[in-house]
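Worksheet: one structure, shown below.
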Amino acid sequence: MTSADDLVRIAHALARAVERLRFGPPVVHVYNPLVYAWPMHEAYLRRFGATRKRVMFVGMNPGPFGMMQTGVPFGEVAAVRDWMRLDAPLSRPARQHPKRPIEGLSCRRSEVSGQRVWDWAASRFGSPEAFFEHAIVLNYCPLVFLAESGRNCTPDKLPAAELQPLQHACDLHLRRALGVLAPQWAIGIGGYAFRRLGVVLAGKRDGTAGAEGAVRIGQVLHPSPASPLANRGWAAQVDAQLEALGVVEALPAYRKPPDAARAR
């Protein structure tokens, strides 16, 4: 059994666990891409998760024009279709928000966070094969939470009674993914993912945590356009953060372009 088989198995378990959860206002619609976009998510895991990784990047949860549409973490449509060259059939949630329909690879809206993440990967590694040889990107939580207005509600804003069972399921999946991929580094993309890594790895920045063995954790700036800091050259700041941590040493194909300081 390959690591991709194990990732598929534990993602299935996560999909089932979170599908049983219920959420109240202000959340009015909950999308689970691990159900309706499962073929695309499985294709991502099987193509790019077949080997153990040196670096595992972890995001918070899907964005409305990224993974919500494609089933791929930070899955901005152009990156998934044109760079990763993934294509698989998608269905739709039983209840769709009228302002947030699932259009899959036909979606014309761009997910800025995903565009920044995968543009960075493409410019630093060239091919997806070079990036995914030693790295992978996963999301901590697979669910999308939408308010009546269509606004994206992030998991950290959920009431404690709803957040705790969600975190229990997502922590278990994260722990299992760390065990499968056995990375040297686990990098939280943003503060929330970093904090959950700290919980799962017993709060140690470089130490041991059960079956995962020695895993060092770190944090990079989240690429959300809602962050003024991220809008001032996100890619260059992430380069500097990864270099300061020593993560780039674990990524032999990484090459920072000469004009990286101007990267978005």
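A few remarks follow.
- Rounded to the nearest angstrom and listed largest first, the equivalent-ellipsoid semi-axes of the chain from its Cα gyration tensor are 26, 22, 19.
- Projecting the Cα atoms of 145, 89, 26 onto the charge dipole of the chain (Cβ charges, centred on the Cα centre) puts 26 farthest toward the positive pole.
- Within the range 1-73: Cβ-based charge dipole about Cα centre, in debye rounded to nearest 20 (Lys, Arg +1; Asp, Glu -1): 180 debye
- Residue 82 exposes around 80 Å² of accessible area when a 1.4 Å probe is run over every protein chain in place.
- Percent accessible area from carbon and sulfur atoms, the range 1-101, protein chains only, probe 1.4 Å: 52 percent
- With contacts taken as Cα pairs under 8 Å and at least 6 residues apart, the chain reaches a relative contact order of 23 percent.
- With q set to 0.13, 0.17, 0.20 Å⁻¹, the log10 of I(q)/I(0) for the range 100-221, from the Debye formula over equal scatterers at the Cα positions, is -0.65, -1.05, -1.28.
- Helices of the chain meeting both criteria, an alpha-carbon length of 20 angstrom or more along the long axis and an average Kyte-Doolittle score not below 0.0, with helices taken as full DSSP H segments, are 3-19, 160-181.
- Magnitude of the charge dipole for the range 126-253, about its Cα centre and with charges confined to Cβ atoms of Lys, Arg (+1) and Asp, Glu (-1), is about 340 debye.
- When only the Cβ of Lys, Arg, Asp and Glu is charged (+1, +1, -1, -1), the dipole of the chain relative to its Cα centre reaches about 320 debye.
- Relative intensity of the range 1-68 on a log10 scale, I(q)/I(0) at q = 0.14, 0.28, 0.29 Å⁻¹, equals -0.50, -1.42, -1.44, per a Debye sum over C-alpha point scatterers of equal strength in the absence of solvent.
- Largest-first principal axis extents, alpha carbons of the range 123-187, Å: 41, 28, 13
- Think of the chain as a dipole: +1 on every Lys or Arg Cβ, -1 on every Asp or Glu Cβ, centred on the Cα centre; then among 238, 158, 193, 158 lies furthest on the positive end.
- The alpha carbon radius of gyration of the range 48-170, expressed as a multiple of 2.2 N^0.38 Å, is 1.10.
- The chain, helix-only ellipticity at 222 nm - DSSP H runs n ≥ 4, -39,500 (n - 2.57), divided by all residues, nearest 500: -11500 deg cm²/dmol
- Taking every Cα-Cα distance in the range 1-120 and sorting them into 5 Å bins from zero, the calculated P(r) comes out as 2, 11, 20, 25, 21, 13, 6, 2, 0 percent.
- For the chain, a Gaussian network of Cα nodes joined below 10 Å ranks 143, 229, 34 by mean-square fluctuation, and the top entry is 229.
- Other-chain or far-sequence residues with amide H under 5 Å of residue 186's (modelled H): 56, 216, 217, 218
- Farthest toward positive dipole pole in the chain [+1 Lys/Arg, -1 Asp/Glu at C-beta], among 77, 55, 184: 77
- Cα centroid of the range 43-111 to Cα centroid of the range 157-199, whole Å: 19 Å
- Working note: Karplus 6.51/-1.76/1.60 with θ = phi - 60° gives the range 130-138 the couplings 5, 5, 7, 4, 10, 9, 7, 10, 10 Hz, where Gly and Pro are set to x.
- Of the trypsin sites (Lys or Arg not before Pro) found in the range 86-158, those that fall in a DSSP loop while having at most 11 other beta-carbon atoms within 10 Å are 95, 108.
The values are calculated or read from the model by the stated rules, or taken from the named source; none is laboratory data. No experiment lies behind these values; they were computed from the predicted model shown. As a convention, Cβ positions derive from the backbone with ideal geometry for all residues, glycine included, and neighbour counts pool all protein chains shown. Keep in mind that these areas ignore ligands, DNA and RNA; they rest on the heavy atoms of the full protein, side chains included. Shrake-Rupley method; radii C 1.70, N 1.55, O 1.52, S 1.80 Å.
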